[in-house]
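Quick notes on the structure that follows.
The values are calculated or read from the model by the stated rules, or taken from the named source; none is laboratory data. All values derive from a computational prediction rather than experimental measurement. All Cβ positions, glycine included, derive from the backbone under ideal geometry; neighbour counts span all protein chains shown. SASA here: full protein model, heavy atoms, side chains in, ligands and nucleic acids out. Shrake-Rupley method; radii C 1.70, N 1.55, O 1.52, S 1.80 Å.
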Amino acid sequence: MTPAEQEARIALAACYRLVARLGMDDLIYNHISLRVPGEEGAFLLNPYGMLFEEITASSLVKIDIHGRKLDDNPNPLNAAAFVIHGALHMSRHDAACVLHTHSDAATAVSAQKAGLLPLSQFAMRFYNRQAFHEYEGVAIDLDEQTRLIRDFGTHPVMLLRNHGVLTVGRTPGEAFMLLYYFERAARIQLQIQAAAASGAEIVTPPHEVCEHAARQFWELKGDILIPGEREWPAFLRQLDREDPSYRS
């Protein structure tokens, strides 16, 4: 194993642990995949049957674009899980890491026609930058890949209607932070909508302001960095203090 692959395994294992710590996992389901640096067509994926909080660097399975094992890892693999991930890895150069969850708030917002609304600063990052994919049943049919690619386009996040959310990143840190910020925005939206149901009036900034804020995030204005550049090392320090077993 190359040092680059080992570092990739550690980063991906950390991503799984952090998703679990923030309560955005779904038992043994959902997946986060990562390209193996320097090894064309090779990816890392979680073994089928392990909780996110159990994932370690060595438990991750190396697979090809068709979801077939490339190593002698004895852990079982849910090959169907790679229907979504494989399509995005191969269609987008920036999709080194593909993260898919059924997080509660994001899934609730996925069932709303407009998806995430510009109701908080967390949401401004995704203003006019969220994709939608209509529900087609459990994502195990290969012919759905074409529509997933079409619908995602170049957006950083896609809501799978009535299903969950997808984020992509150049690193696990970027994919994770996009999920984190989207989930925070979705929770706030649901709280605001609940208050509005009791008569509270909702204030929404005008389009020009929302677009300006979105550009500040994506054009890295001021001291804004790529998602994960500043936050990810802090999360790793927290994991290392509390439970460094993800590195094993």
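Could you say which residue among 163, 155, 102 is open to solvent by 30 Å² or more (accessible area, probe 1.4 Å), closer than 22 Å to residue 219 by Cβ and touching a residue at least 12 places away in the same chain (Cβ under 8 Å)? Spell out how you get there, then give the answer.
Working: 163 fails: closer than 22 Å to residue 219 by Cβ; 102 fails: closer than 22 Å to residue 219 by Cβ.
Sole residue among the options that is open to solvent by 30 Å² or more (accessible area, probe 1.4 Å), closer than 22 Å to residue 219 by Cβ and touching a residue at least 12 places away in the same chain (Cβ under 8 Å): 155.
Go through the stretch 7-59 and give me each residue that's in contact with a Ser or Thr (Cβ under 7 Å, 6 or more places away or on another chain), in a loop (DSSP other than H, G, I, E, B) and more than 20 Å from residue 236 (Cα to Cα).
Hits for the stretch 7-59 are 30, 38, 47, 50.
Test of understanding: among 203, 209, which residue is farther than 28 Å from residue 4 by Cβ, of a type in the set (A, V, I, L, M, F, W, C) and not in a loop (DSSP other than H, G, I, E, B)? Write out each step before concluding.
Working: 203 fails: not in a loop (DSSP other than H, G, I, E, B).
Going through 203, 209 in turn, the sole match is 209.
Out of the stretch 176-198, which residues are in a helix (DSSP H, G or I) and of a type in the set (Ser, Thr, Tyr)?
In the first step, residues of the stretch 176-198 are kept if they are in a helix (DSSP H, G or I); the result is 176-197.
Correct list: 180, 181.
Of 188, 149, which residue is surrounded by 16 or more Cβ atoms within 10 Å (Cβ to Cβ), in contact (Cβ under 8 Å) with a residue 12 or more places away in the chain and among the β-branched types (Val, Ile, Thr)? Step through it out loud before you land on a result.
Numbers: 149 fails: surrounded by 16 or more Cβ atoms within 10 Å (Cβ to Cβ).
After ruling out the rest, the residue left standing is 188.
Criterion first (open to solvent by less than 80 Å² (accessible area, probe 1.4 Å), part of a loop (DSSP other than H, G, I, E, B), over 18 Å from residue 31 (Cα atoms) and aliphatic (A, V, I, L, M)) does residue 224 satisfy it? Before you say what the answer is, go through the steps one by one.
Numbers: open to solvent by less than 80 Å² (accessible area, probe 1.4 Å): yes; part of a loop (DSSP other than H, G, I, E, B): yes; over 18 Å from residue 31 (Cα atoms): yes; aliphatic (A, V, I, L, M): yes.
So residue 224 passes the test.
Out of all the residues in the stretch 83-99, which are surrounded by 15 or more Cβ atoms within 10 Å (Cβ to Cβ) and within 17 Å of residue 150 (Cα to Cα)? Give the steps one after another, and end with the answer.
Looking only at the stretch 83-99, we keep the residues that are surrounded by 15 or more Cβ atoms within 10 Å (Cβ to Cβ), and these are 83-89, 91-92, 95-99.
Once the filter is applied, which keeps residues that are surrounded by 15 or more Cβ atoms within 10 Å (Cβ to Cβ) and within 17 Å of residue 150 (Cα to Cα), the stretch 83-99 yields 83, 84, 85, 86, 87, 88, 89, 91, 92, 95, 98.
Going by the structure shown, is residue 202 farther than 22 Å from residue 20 by Cα, of a type in the set (A, V, I, L, M, F, W, C), in contact (Cβ under 8 Å) with a residue 24 or more places away in the chain and out of contact with any Lys or Arg (no Cβ under 9 Å at 6 or more places or on another chain)? Steps first, please.
Details: farther than 22 Å from residue 20 by Cα: yes; of a type in the set (A, V, I, L, M, F, W, C): yes; in contact (Cβ under 8 Å) with a residue 24 or more places away in the chain: yes; out of contact with any Lys or Arg (no Cβ under 9 Å at 6 or more places or on another chain): yes.
Yes; evaluated as a whole, the condition is true for this residue.
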